[in-house]
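Contents: one structure, followed by commentary.
The values are calculated or read from the model by the stated rules, or taken from the named source; none is laboratory data. Here the structure is a predicted model, which means the values were calculated and not measured. Please note: Cβ atoms are built from the backbone with ideal geometry, for glycine as well, and neighbour counts cover all protein chains shown. Remember, those area values only see protein heavy atoms, side chains included, never the ligands or the DNA or RNA. Shrake-Rupley method; radii C 1.70, N 1.55, O 1.52, S 1.80 Å.
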Amino acid sequence: MATTVEPDEVDVVVLGMGPGGESVAGDLAAAGLDVVGVESRLVGGECPYFGCVPSKMMIRAGNVVAEALRIPDLAGSVEVTPDFSKVASRIRSEATDNWDDAVAAKRFTDKGGRLVRGTGRLTGAREVCVSMPDGGERTFRARRAVVLNPGTNPAVPDVAGLAETPFWTNREALQTEVAPKSLIIWGGGPIAVELAQAFTRFGTKVTMVLRGSSLLSREEPEAADLLAKVFRSEGIKILNNRDITAVAHSDGIFKVQLAASSRTAPGAGVSELSAENFLVATGRTPQLATLELAAANIDWDGKHAPSFDEHMQLTDGLYLIGDAAGAGAFTHMSMYQANIVTGHILGEDRGSAESHAVPHVTFTDPEIGAVGLSENQAREAGLTIRVGYSEISASARGWIHKSGNQGFIKVIEDTQAGVLVGATSAGPTGGEVLSLLALAVHARIRVTELKTMIYAYPTFHRAIPEALADLK
């Protein structure tokens, strides 16, 4: 007769120890709760090992190369020899500990938490079964809460031959020790454009293949146009409105078959590209299916994030945070949600989840920062709007900056409310300048107030009142 093993009783189970999950689990453990964190991969998630941190190290290094090459326009002469091994070494030693999460795991356990390695699934609203690496299983029943933070994986389209090749996603690209001589990048989103420019600055010949008509299709068209112009000036080839129909790899070379998409004029033809490496950057896939949400009586359509309340609860004591929650696939959004959930579990008021002012930055050169609604989104929402625009190069700081001063400020005003509902800040420090605009959108500061503020001179921020003055 089989023996039934009773679940281990704990206060909280956190399923997925990415940035938000690690934050919730660590803070609750530090508060004295009995917390189990479940993770099958690296504690800390995508961001510190394959995303935000190592990619920005690569971008920082590439930007230094680009800035050095601007010296002839500003300060004299220079000879630059890029060395990719420097940044590859830094990623290994400083950012990822050679993709070892011992430090992050210890950070959690030192707070009193228990780390369980394995893949978890729900067997009830507050019950999690963990499949262990050795083939065994453990079940935990939470007295207070279960927090789901499953994250996402790179989306890999089903294309003939692709699975049989050593293609890259962002994970492999950020582990390479050598910048390839040539690289085909499939995609035009943030990951694609950031890595395209970074590798180009270390001598890689990059060709980008886009399904749609522009880079950064979710940003303002002015941002896409600006970035395309900069990329082409740096030698990056951009192929718009193309589908990839087959991929092959032999003798160290990728061969990629292209076809005109349905958005391309007839007769655009079929072509073939070849390169040393092939990077698939076509989006991310939320890892919700493995959670078995039905076991907790949660309705899920298999595509979109299930609905949750203002405290990120799917149902009483069951929370969903992070990329899979669908409110913005950004580390800062996951941490924001984690703080709300931690407070709710502890009985503290840390606010409720809002998504009207989610900021995000694409760390290209120029940086593209945006918050809230785009002009098109605002119009589709039925708002009566005014739009203001100013060029960074026309500001005093932009004129002083000279080489590399491309950029703009664009603001969207809801005229009925008299507040900004969206803004874009593109330029040499676009992500930093965005902070003021993010505050304005988040706090719903009236445009009349923003127009009468004092803006330090000469800063890139001085382009903001110029855009406000242009509202029409």
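May I have the count of lysine pairs in the chain with C-alpha atoms under 16 Å apart, counting pairs 8 or more residues apart or located on different chains?
Lysine pairs satisfying the spacing and distance rule in the chain number 10.
Using the C-alpha gyration tensor of segment 7-135, what are the square roots of 5 times its eigenvalues, in whole angstrom, with the largest one first? All intermediate terms of the calculation are to be shown ahead of the outcome.
Values: eigenvalues 363, 38, 27 Å².
Those come to 43, 14, 12 Å.
Bin by bin, in steps of 5 Å, what percent of the Cα pairs in segment 290-415 do you find, going until the bin that has the longest distance?
With 5 Å bins starting at 0, P(r) equals 2, 9, 14, 14, 14, 14, 12, 9, 6, 4, 2, 1, 0.
Starting from the Cα coordinates of segment 390-438, work out the convex hull volume and express it per residue in Å³.
Details: hull volume 3.3 nm³, N = 49.
Dividing the Cα hull volume of segment 390-438 by its residue count gives 68 Å³.
Would you mind computing Rg(Cα) / (2.2 N^0.38 Å) for segment 115-242, counting N as its residues? If you can, show how the numbers build up before the last one.
Numbers: Rg = 20.6 Å, N = 128, 2.2 N^0.38 = 13.9 Å.
Cα-based Rg divided by the globular estimate yields 1.48.
Please identify the cysteines of the chain that lack any partner cysteine with a Cβ under 4.7 Å from their own Cβ.
Cys with no partner Cβ under 4.7 Å: CYS129.
I'd like to compare 358-364, 251-257, 207-213, 20-26: which one has the highest average count of other Cβ atoms within 10 Å, and what's the full order after that? Could you put the intermediate results ahead of the total?
Values: 358-364: 21.3, 251-257: 15.6, 207-213: 19.0, 20-26: 28.1.
Output ranking for 358-364, 251-257, 207-213, 20-26: 20-26, 358-364, 207-213, 251-257.
If I model a spin label as a point 7 Å beyond the Cα along the Cα-Cβ vector, how far apart are those points for ASP225 and ARG107 in nm?
4.2 nm
For the chain, what is the calculated [θ] at 222 nm in deg cm²/dmol (nearest 500), taking -39500 (n - 2.57) for each run of four or more DSSP H residues and dividing by its residue count? Intermediate results must be reported in sequence, preceding the final value.
Numbers: 15 runs with 135 residues, N = 472.
Helix-only estimate at 222 nm: -8000 deg cm²/dmol.
Could you estimate the translational diffusion coefficient of segment 368-472 from the Stokes-Einstein equation, with Rh from the Kirkwood formula over C-alpha pairs, at 10 °C and 1.306 mPa s, in whole µm²/s?
Working: Rh = 13.4 Å.
Rounded to a whole number, D works out at 118 µm²/s.
Per the 1.4 Å probe, what fraction of the accessible area of the chain, in percent, lies on carbon and sulfur atoms?
Numbers: 10840 of 21610 Å².
Heavy-atom surface of the chain belonging to carbon and sulfur, 1.4 Å probe: 50 percent.
Write down the accessible area per residue of segment 321-408 in Å², having rolled a 1.4 Å probe over the full set of protein chains. Can you show the working numbers first?
On the way: 3850 Å² over 88 residues.
For segment 321-408, the solvent-accessible area averages 44 Å² per residue.
Any idea what the dipole of the chain comes to, in debye rounded to 20, about its Cα centre with Lys/Arg Cβ at +1 and Asp/Glu Cβ at -1? Don't jump to the answer; show the numbers that get you there.
Values: 43 positive and 56 negative charges, 211 e Å.
My answer is approximately 1020 debye.
Along the positive direction of the dipole of segment 265-326 (beta-carbon charges: Lys, Arg +1; Asp, Glu -1; about the Cα centre), which of GLY322, SER274, THR285 reaches farthest?
SER274
Assuming R0 = 41 Å, can you tell me the calculated FRET efficiency for the pair ASP97 and GLU164, based on Cβ-Cβ distance, to the nearest 0.05? Working shown, then result.
Numbers: r = 32 Å, r/R0 = 0.78.
It comes out at approximately 0.80.
Within 10 Å, count the other beta carbons around each residue, average over each peptide in 86-94, 403-411, 318-326, and list them highest first.
Ranked from most to least packed, the peptides come out as 318-326, 403-411, 86-94.
Report the calculated FRET efficiency for MET453 and ASP309 (r = Cβ-Cβ distance, R0 = 51 Å), to the nearest 0.05. Walk me through the numbers before you get to the answer.
Values: r = 36 Å, r/R0 = 0.70.
Step by step, r from the Cβ atoms, then E = 0.90.
What three numbers, in Å, describe the spread of the alpha carbons of segment 285-347 along their principal axes, ordered from the longest?
Over segment 285-347, Cα extents along the principal axes are 29, 25, 16 Å.
LYS205 to LYS181: extension gain in nm, 0.36 nm per residue of separation minus the Cα-Cα distance?
On the way: separation 24, 0.36 × 24 = 8.64 nm, distance 0.61 nm.
In short, 8.0 nm is gained.
Stretch GLU380-HIS356 to full length: gain in nm at 0.36 nm per residue minus the Cα-Cα span?
Numbers: separation 24, 0.36 × 24 = 8.64 nm, distance 1.49 nm.
This chain segment gains 7.1 nm when fully extended.
Have a look at LEU15, ILE91, ALA469 and report the one farthest towards the positive end of the charge dipole of the chain, computed about the Cα centre with Cβ charges (Lys/Arg +1, Asp/Glu -1).
ALA469
Hey, got a sec? Which GluC sites (Glu not before Pro) in segment 293-388 land in a DSSP loop and have at most 12 other Cβ atoms within 10 Å?
Numbers: sites: GLU310, GLU348, GLU354, GLU367, GLU375, GLU380; in loops: GLU310, GLU348, GLU354.
Those satisfying the criteria are GLU310, GLU348, GLU354.
Which percent, nearest 5, of DSSP beta bridges in segment 156-307 are antiparallel? Kindly include the intermediate steps, with their values, before the conclusion.
Numbers: 14 of 28 bridges.
Counting DSSP beta bridges with both partners in segment 156-307, the antiparallel share is about 50 percent.
Net charge near GLY235, counting Lys/Arg +1 and Asp/Glu -1 over other residues with Cβ under 15 Å of its Cβ?
Values: positive: LYS181, ARG201, LYS205, LYS229, ARG232, LYS237; negative: GLU234, ASP365.
Combined, the nearby Lys, Arg, Asp and Glu give +4.
Quick check for me: using +1 on Lys/Arg Cβ and -1 on Asp/Glu Cβ, what's the dipole size of segment 21-95 about its Cα centre, in debye to the nearest 20?
On the way: 7 positive and 10 negative charges, 51 e Å.
Approximately 240 debye in magnitude.
How large is Rg over Rh for the chain, taking Rg from the Cα atoms and Rh as the Kirkwood inverse mean of 1/r across Cα pairs?
With Rg and the Kirkwood Rh in hand, the quotient comes to 0.99.
Go through MET335, MET132, ALA223 and say which Cα lies farthest out towards the positive end of the charge dipole of the chain; charges sit on Cβ, +1 for Lys and Arg, -1 for Asp and Glu.
The one lying farthest along the dipole's positive direction is ALA223.
What area, in nm² and to one decimal, does the C-alpha convex hull of segment 144-217 cast on average over all directions?
Working: hull surface 30.5 nm².
Hull-based average projected area comes out at 7.6 nm².
Could you give the dipole magnitude of segment 173-278 about its Cα centre, charging the beta-carbon of Lys and Arg +1 and that of Asp and Glu -1, in debye to the nearest 20?
Details: 11 positive and 11 negative charges, 43 e Å.
Value, rounded to 20: 200 debye.
If you count only protein heavy atoms with a 1.4 Å probe, what accessible area per residue comes out for segment 13-64, rounded to a whole Å²?
27 Å²
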